[in-house]
Amino acid sequence: IFVGGFVGVLIALLRSMLHTGIKDSAQIENELDLPVYATVPRSPIQESRIQMLKKKKSIPVLAVKNGEDIAVESLRSIRTTIHFSLANAKNNIISISGPAPEIGKSFICANLATILAQTGKIVLLIDADMRRGHMHKYFDADPTRGLADYLGAMGNMNINDITQDTPIKGLTFVSKGTTPGNTSELLLSPTFEQFLKQVSEQYDHVIIDSPPILAVTDGIIISRHCGLNLLVARYGKTPIREITMSTSRLQHSGQSVQG
């Protein structure tokens with residue numbers, strides 16, 4: 001009994017040491033003084049589809065096929081918060097990023113854009129992760145005709161050449177495009193700033209799936225043009241120090257994280 005109890009406690013301690021990710025949203029609010037807009041529960045349906053992602057060319061958007069899923073209901077709670085946050089923002093562009101890859105930001109972007117479009121808004125969703133983006137799989141879109149191609153053309157392409165309609169009424173999509181070797185330079189170009197200004201006037205909401213902040217500098221460059229910068233953290237995987245480092249890097253570049 002003694003040995004069994006000792007081994008059990010030892011395993012629990014080891015698991016706690018290995019899983020250093022954040023486990024309580026209150027920790028973010030208390031330590032970083034950042035509001036948590038929503039806590040999105042795990043969706044068993046979505047997890048099964050993620051396994052399909054590696055084998056199939058496309059997967060359905062959860063908010064379309066399973067609108068009553070608990071994860072979708074949690075995302076709906078963000079709509080009101082975004083509405084009031086954008087009232088005092090410099091524009092209607094929302095950047096959603098995270099400290100590291102594979103924390104679910106593309107899932108958040110695709111479903112949040114869908115939910116906003118379902119309320120009658122005209123929404124543009126941009127996959128700005130030109131290195132590893134896979135947002136096109138949610139809409140069965142063309143990944144080789146997108147943002148990178150438009151920026152690489154230096155103003156010689158029309159925005160209509162890269163926007164793609166989706167099955168969701170009111171939602172338009174821009175894929176990552178052909179993977180370039182100089183993504184940071186393309187995002188620093190005046191063409192990118194002009195592109196965002198133009199789409200900001202044409203759409204009610206512009207949502208950008210931004211690259212991870214700590215992995216590359218692209219996310220910091222994008223944040224300069226956005227009225228609302230949000231971060232995604234994953235339960236049990238994202239350490240609090242990564243969120244701290246991400247907010248710190250954005251602040252050093254003159255930007256701030258709203259939540």
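Some points to look at:
- Test: residue in the stretch 230-248 that is touching a strand residue (DSSP E or B) at 6+ places or on another chain (Cβ under 6 Å), surrounded by fewer than 21 Cβ atoms within 10 Å (Cβ to Cβ) and of a type outside the set (D, E, K, R): no
- Residue in the stretch 174-222 that is surrounded by the fewest Cβ atoms within 10 Å (Cβ to Cβ), counting only those that are acidic (Asp, Glu) and touching a residue at least 60 places away in the same chain (Cβ under 8 Å): ASP204
- Every listed requirement among (1) part of a helix (DSSP H, G or I); (2) in contact with a helix residue (DSSP H, G or I) (Cβ under 6 Å, 6 or more places away or on another chain) is met by LYS197 save one, (2).
- Test: residue in the stretch 157-166 that is in a helix (DSSP H, G or I), closer than 25 Å to LYS137 by Cα and without any contact (Cβ under 8 Å) to a residue 12 or more places away in the chain: yes
- Matching residues in the stretch 200-219 - criterion: being out of contact with any Pro (no Cβ under 9 Å at 6 or more places or on another chain) and either within 14 Å of LYS105 (Cα to Cα) or part of a helix (DSSP H, G or I) (or both): SER200, GLU201, GLN202, ILE207, ILE208, ASP209, SER210
- All positions within the stretch 220-241 that are assigned to a helix (DSSP H, G or I) and hydrophobic (A, V, I, L, M, F, W, C): ILE220, ILE221, ILE222, ILE240
- Qualifying residue in the stretch 35-47 (condition: touching a residue at least 60 places away in the same chain (Cβ under 8 Å), under 26 Å from GLY170 (Cβ atoms), part of a loop (DSSP other than H, G, I, E, B) and touching a strand residue (DSSP E or B) at 6+ places or on another chain (Cβ under 6 Å)): no
- Qualifying residue in the stretch 96-107 (condition: more than 19 Å from the chain's Cα centre (by Cα) and part of a helix (DSSP H, G or I)): no
- Residue check, GLY227 farther than 17 Å from GLY104 by Cβ and open to solvent by 40 Å² or more (accessible area, probe 1.4 Å): no
- Being touching a Pro at 6+ places or on another chain (Cβ under 7 Å), over 19 Å from ALA110 (Cβ atoms), modelled with pLDDT under 95 and not in a loop (DSSP other than H, G, I, E, B) is true of LEU186.
- Whichever residue in the stretch 242-259 is in a loop (DSSP other than H, G, I, E, B) and among the polar types (S, T, N, Q) and, among such residues, is nearest to SER223 (Cα to Cα): GLN255
- Residues of the stretch 119-151 that turn out to be farther than 19 Å from ILE59 by Cα and open to solvent by 50 Å² or more (accessible area, probe 1.4 Å), as a count: 6
For every residue, the table says whether it meets (1) touching a helix residue (DSSP H, G or I) at 6+ places or on another chain (Cβ under 8 Å); (2) surrounded by fewer than 15 Cβ atoms within 10 Å (Cβ to Cβ); (3) modelled with pLDDT under 85.
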{"site": "VAL64", "(1), (2), (3)": "yes, no, yes"}
{"site": "LEU75", "(1), (2), (3)": "yes, no, no"}
{"site": "SER85", "(1), (2), (3)": "no, no, no"}
{"site": "ASN91", "(1), (2), (3)": "yes, no, no"}
{"site": "ILE103", "(1), (2), (3)": "no, no, no"}
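The values are calculated or read from the model by the stated rules, or taken from the named source; none is laboratory data. Model, not experiment: these values are computed from the prediction. Backbone-built Cβ (ideal geometry, glycine too); neighbour counts: all protein chains shown. What goes into the accessible areas is simple: the full protein's heavy atoms, side chains included, and nothing from ligands, DNA or RNA. Shrake-Rupley method; radii C 1.70, N 1.55, O 1.52, S 1.80 Å.
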